[in-house]
Amino acid sequence: MQFLENFQPELTITSPGRINFIGEHTDYNMGYVLPTAIGNKITFKFSRNDSYNECNVFSVGYQGFSFDLKEIAVSDVQWENYILGVISEISKLTDKVRGFDCTIESNLPLGSGLSSSAAMECGLAYGLNELFDLGLSKLAMVELSQRAEHTYVGTQCGIMDQFASVMSKEGHVILLDCRSLEYQYIPIHIAPYKLIMLNTKVSHNLASSEYNTRKMECEQGVAILQKSNPEVMSLREVTRAMLEKGKSEMPSKVYDRCSFIIDENDRVIAMTEALKKNDLKTVGSILYTAHEGISNLYEVSCPESDFLVDFTKDNDAVLGARQTGGGFGGCTLNIIHENAVDAFIKEASEAYKNKFNIELEAFEVQPSGGTQVI
Ligand code: ADP
Ligand code: MG
């Protein structure tokens with residue numbers, strides 16, 4: 001694009017991906033989650049271009065595009081919708097945005113359950129807030145980014161990804177209550193263990209349609225339970241006893257989805273306690289139990305993720321593992337003793353290659369800070 005030739009950025013923003021320790025699919029069910037940002041991130045460079053409404057955005061590895069702030073509409077090119085959706089949502093709150101140029105460069109694997117999508121949305125929102133002095137709070141940026149994903153991208157996501165990308169604090173996970181948006185930073189010390197991500201490199205494109213289906217199944221469960229429990233607004237208010245009482249009235253899949261969410265909320269609280277006590281054995285075993293639920297009850301795993309989680313089970317140096325993120329592939333999160341990491345990665349890579357003929361990608365992550373100006 002033409003602007004790239006003499007682009008002189010006036011502002012640089014980094015916007016991180018995230019992992020979620022525990023609490024998968026609980027955010028849109030108004031439950032608890034325990035995410036943190038990681039070191040892998042998207043870097044945005046911005047400059048005002050002195051035009052009233054002309055914008056140019058270029059992302060490394062993609063074709064750049066230009067648009068007019070007065071004519072924002074959903075694009076046929078999906079990645080552009082992460083940008084356009086944020087612009088559209090910002091324009092509902094303020095008219096202070098003017099023409100700008102932006103370059104984007106990422107070291108976050110896409111579609112791997114590390115939420116490159118939220119990093120895109122939040123980095124843009126944060127950058128425009130700084131560039132044009134929009135006066136948006138962090139929470140406003142989180143919420144408008146989530147709405148952008150609903151309205152322009154079409155994924156009915158909860159608030160976790162955007163919240164984690166913007167609000168995270170180095171060395172901590174965030175215990176977030178997605179109903180009240182109250183949150184606490186929980187320090188995390190897992191040495192001599194490390195957090196190792198294994199990227200299955202599988203990104204099933206049914207992920208976003210199945211995601212919306214899971215959300216509907218949970219809503220179906222809530223609607224059935226509301227008949228005898230009018231106070232129930234979401235699965236957050238549903239107790240195990242209520243669910244068992246309503247079991248005969250719901251399709252078995254709906255029961256399984258609800259059952260998973262109720263257990264998963266309990267696991268977030270149990271995980272928080274275990275992290276506070278530095279009880280790493282319990283931390284690990286909660287990950288394994290969660291994966292069972294992800295695979296058998298919520299049915300958002302896949303053979304590749306199941307294989308990698310199972311592969312860790314007879315290795316004493318691995319405390320626990322599970323698939324993270326929305327599902328159907330992406331990364332598994334593993335807690336591995338530092339002395340065993342290299343050997344483990346080598347063995348897992350060989351086994352994975354033999355089984356699926358895919359080169360496994362492994363990397364360490366550390367709880368990191370949120371979106372920021374550099
Ligand atoms: P995840 O959020 O787990 O990475 P998603 O499917 O929700 O997976 O989001 C991935 C999509 O986000 C990509 O397919 C692409 O459209 C968009 N995206 C992510 N990073 C970038 C980038 N650096 N440049 C352009 N688009 C990106
Ligand atoms: Mg995403």
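The values are calculated or read from the model by the stated rules, or taken from the named source; none is laboratory data. These figures come from a predicted structure and were not determined experimentally. As a convention, Cβ positions derive from the backbone with ideal geometry for all residues, glycine included, and neighbour counts pool all protein chains shown. For the accessible areas, the whole protein counts, side chains as well, though only heavy atoms, and no ligand, DNA or RNA atoms are used. Shrake-Rupley method; radii C 1.70, N 1.55, O 1.52, S 1.80 Å.
Residues of the stretch 266-318 that are closer than 20 Å to Ser252 by Cα and open to solvent by less than 40 Å² (accessible area, probe 1.4 Å): Ala290, His291, Gly293, Ile294, Ser295, Tyr298, Val300, Ser301. Among residues of the stretch 137-152 being over 17 Å from Gly369 (Cβ atoms) and crowded, with 21+ Cβ neighbours inside 10 Å, the one that is nearest to ligand 1 (Cβ to nearest atom) is Glu149.
Yes/no per residue for (1) of a type in the set (Phe, Trp, Tyr); (2) within 16 Å of ligand 2 (Cβ to nearest atom); (3) without any contact (Cβ under 8 Å) to a residue 60 or more places away in the chain:
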position	(1), (2), (3)
Ser295	no, no, yes
Leu308	no, no, no
Asp314	no, no, yes
Gly326	no, yes, no
Gly329	no, yes, no
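Only residues that are assigned to a helix (DSSP H, G or I) and modelled with pLDDT under 95 were counted across the stretch 330-360, and they come to 0. Scanning the stretch 234-244 turns up no residue that is open to solvent by 40 Å² or more (accessible area, probe 1.4 Å), closer than 24 Å to Asn199 by Cβ and among the charged types (D, E, K, R).
For the stretch 248-265, the criterion of being surrounded by fewer than 18 Cβ atoms within 10 Å (Cβ to Cβ) and not in a helix (DSSP H, G or I) is met by at least one residue.
Kindly evaluate Val173 against the criterion of being within 17 Å of the chain's Cα centre (by Cα) and within 16 Å of ligand 2 (Cβ to nearest atom). Criteria not met by Val173.
Scanning the stretch 100-136 for residues that are within 16 Å of ligand 1 (Cβ to nearest atom), assigned to a helix (DSSP H, G or I) and open to solvent by 10 Å² or more (accessible area, probe 1.4 Å) turns up Ser116, Ser117, Met120, Tyr126.
Among the conditions (1) modelled with pLDDT of 95 or more; (2) open to solvent by 10 Å² or more (accessible area, probe 1.4 Å); (3) within 22 Å of Val238 (Cβ to Cβ), the only one that Gly327 does not satisfy is (1).
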